[in-house]
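Below: the structure, in structure tokens.
The values are calculated or read from the model by the stated rules, or taken from the named source; none is laboratory data. Since the structure is predicted, the reported quantities are computational estimates derived from the model, not experimental observations. No Cβ is skipped: glycine too gets one built from the backbone with ideal geometry, and neighbour counts run over all protein chains shown.
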Amino acid sequence: MSAATVTSRIPHRIRLNLRAVVGRAYPRIVGANREPSWIFFEAILPLLGIAAYVFIYQALANRVLLDPTVSAADKAATVAATNALIGSVVLGGTMIAFWLNVLWSMASQLYWEKEIGNLQLYMMAPMSRMALLGGMAVGGMFMTSVRAITTLVAGVVVFSIVLQVTNPFLLIAVFFATLVALYGMGMTLASLYLLWGREAWHLSALLEEPIFFTSGFYFPAGGLAYVGGWGRVLLTAATAIPATLGLDAMRQLVFPGAWGDKLWIFSPEVELVIILVLGVVFLVLARYALAYLELLARREGRLTSRHQ
Amino acid sequence: MSATVRRQWRTFKWAAWLGWEMDSNWTEPALFIVYSVVKPVAGAFILVLMYIVFAAIGNYRDPAMFSYIYVGNSFFIFVGSTLFGTFQVIQADREWYQTLRYTYISPISYYTYIVGRAASKVAVGGLAVLITLIFGVFVLGVQFQMTLGSVPIFFVGLVLGLFCLVSIGICLAGVSFMTAKHTHGLAEGIPGIFYVFCGVLFPLTALPGWAQSFGRGIPLTYWFDLTRRLILPPNTIDSGLGFFSDLEILALLLASSLIFFLLSLGIFKLGEYMARKAGKIDMTTSY
């Protein structure tokens, strides 16, 4: 094939892959919303889980307020700190929707496709596998954003949370950078499912509560530094998960000065840079892991073997 | 033993075996046990860190409240595993393995089959509860105090609580016949209702009045309160149910468990009927 032919095929390949992105995103953007039950199951019900954690802080604060030995100044400080903690729970609870989407509709999606027989069709189609994953990511981000924003708005209203957005542009940048890095991570994990079956599915299950814990979805992750050496080790490891730094930065930007600034990891600007680096690393890693594991799965005959 | 009972027992037994194999045969038993325990322990750690952060900010320690939260959370493992163990059967068999149609037309009670499938998850949940409690008592200093006389009431309460949970799980399974791929929404959301309204992690009195009334209508509220009364030392926390004696709570739990059992029969039959009528009994939603 001459160089001119390769060059002339570039627009065609771009069009093809963009169509694949749109085609794979379509069922998540349009199809998923045709089933109106998502409003109850995926926007309202998660708010209840969040409410439970809100009431824990509320109950702890009530005990302080009822304690006659605590001074009035300390009680006022407790009320202020509790409001910020409640707000951080709502924000973290909202971001959980993205993490669950990355785990179950991104990372484990190829396993699901294998189980229902679609994977072989994808493999035979001429588009890039990255376009397929990209479509899943774009659709997943949209689908989850609709759900997460619904939960966030409901949470802010129900729990009367006051958000003080100090730098909206930085907040938007952190949010989108976190999403790109998270879905990049999901794309990397997805490649594992080409080779493995239920082991990887269970890995996804295992990455729920432990990640909620290490990434500080329900408390400021900086709190891990207060529990000794193992906490600091965990916190360091958790910074490799984009949600940890993304949440920390977003909390700093909507609750400025909360808890005397004692519980933040880095400044939001530094965290944004780290998240961007993580995003690039995960996307590149996804590209190579996908190619390598696809080859391995083909060689071992496990690419389309179901129910393994 | 009558033929009907024998048939039901056989269905339960083989469904339980199937459930156990499906849950555990993807790895070595030791790894499976670690896997089963890591999730609930991590869940407990979230609460530990929430308490630590709160205590660090306000410089205020409250060991009684911490024990209250920790024990409630430990027993809540049963809620997640039992509910998920029951209602996910419909969606797993229908959409994932696509075997629902074959199981459904076989000469068994599908209700009993689902209960059997959930049994392994309940058993593994029990192990996780035990490990979480032991870890809490010996590592985190959770206050534990149980008299010998409390043991029978504790176990009767435990059996009734699990019976009630399975009934609620079957109600959800009935609903699942009609819903799309919402297993995770249900798995996160429905336990969330109990998390909030049953005083699992905080006393009912922390809730607004209407929510307290709603919580008092859920049998699990009584189970959690009874369990904490029996295994924690006396404290000053107002659970909102202090006016009931232990036996009164047990009686309430028994009555409400029976009500939920009857409800589960009705809702399951209704869901099944509506799904068949709408042609959704073996529907797949592949987005």
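Points to keep in mind about this one:
- Across the range B:52-65, the number of residues qualifying as out of contact with any Pro (no Cβ under 9 Å at 6 or more places or on another chain), more than 7 Å from chain A (Cβ to nearest Cβ) and either under 15 Å from B:Q143 (Cβ atoms) or at pLDDT 80 or above (or both) comes to 3.
- Residue check: A:I86 meets all listed conditions (1) without any contact (Cβ under 8 Å) to a residue 24 or more places away in the chain; (2) within 23 Å of the chain's Cα centre (by Cα) but one, namely (1).
Let's see how each residue does on (1) within 24 Å of the chain's Cα centre (by Cα); (2) within 14 Å of chain A (Cβ to nearest Cβ); (3) under 30 Å from A:A61 (Cβ atoms):
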site: B:S67; (1), (2), (3): yes, yes, yes
site: B:T82; (1), (2), (3): yes, no, no
site: B:Q88; (1), (2), (3): yes, yes, no
site: B:Q98; (1), (2), (3): no, yes, no
site: B:S109; (1), (2), (3): yes, no, no
site: B:T112; (1), (2), (3): yes, no, no
site: B:G116; (1), (2), (3): yes, no, no
site: B:L148; (1), (2), (3): no, no, no
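- The range A:288-308: number of residues that are modelled with pLDDT under 75 and either closer than 24 Å to A:M185 by Cβ or of a type in the set (S, T, N, Q) (or both): 5
- Residues of the range A:168-193 that are farther than 15 Å from A:L103 by Cα, touching a residue at least 12 places away in the same chain (Cβ under 8 Å) and more than 17 Å from the chain's Cα centre (by Cα): A:L170 alone.
- Among residues of the range A:54-65 that are farther than 23 Å from A:L152 by Cβ, those with a beta-carbon under 7 Å from a residue that is of a type in the set (K, R) and at pLDDT below 90 at least six positions away or on a different chain give the pairs A:V64/A:K75; A:L65/A:K75.
- Criterion: modelled with pLDDT of 85 or more and more than 9 Å from chain B (Cβ to nearest Cβ) - qualifying residue of A:T94, A:T82: A:T94
- A:R287 free of Cβ contacts under 8 Å to residues at least 40 places away in the same chain and assigned to a helix (DSSP H, G or I): no
- Residue pairs whose Cβ atoms lie under 8 Å apart, sitting 6 or more positions apart in sequence or on different chains, and linking a residue in the range A:201-212 that is over 12 Å from A:I96 (Cβ atoms) to a partner that is of a type in the set (V, I, T), are A:H202/B:T27; A:L206/B:V38; A:P210/B:V38.
- Within the range A:36-52, the set of residues being within 7 Å of another protein chain (Cβ to nearest Cβ) and surrounded by 14 or more Cβ atoms within 10 Å (Cβ to Cβ) comprises A:F41, A:E42, A:L45, A:P46, A:L48, A:G49, A:A51, A:A52.
- Qualifying residue in the range A:254-261 (condition: within 30 Å of A:Q58 (Cβ to Cβ), touching a helix residue (DSSP H, G or I) at 6+ places or on another chain (Cβ under 9 Å), more than 14 Å from every other protein chain (Cβ to nearest Cβ) and surrounded by 18 or more Cβ atoms within 10 Å (Cβ to Cβ)): yes
- For the range B:231-274, a residue qualifies if it is away from chain A (no Cβ under 14 Å) and of a type in the set (G, A, S), and the qualifying residues are B:G242, B:S245, B:A251, B:A255, B:S256, B:S257, B:S264, B:G266.
- Of all residues in the range B:197-225, those that are over 19 Å from A:Y53 (Cα atoms) and touching a residue at least 24 places away in the same chain (Cβ under 8 Å) have Cβ atoms under 9 Å from Cβ atoms of residues that are in a loop (DSSP other than H, G, I, E, B) and among the hydrophobic types (A, V, I, L, M, F, W, C), 6 or more apart or on another chain, in B:R216/B:L241; B:I218/B:C198; B:P219/B:C198; B:Y222/B:C198; B:Y222/B:L241; B:Y222/B:F244; B:W223/B:C198.
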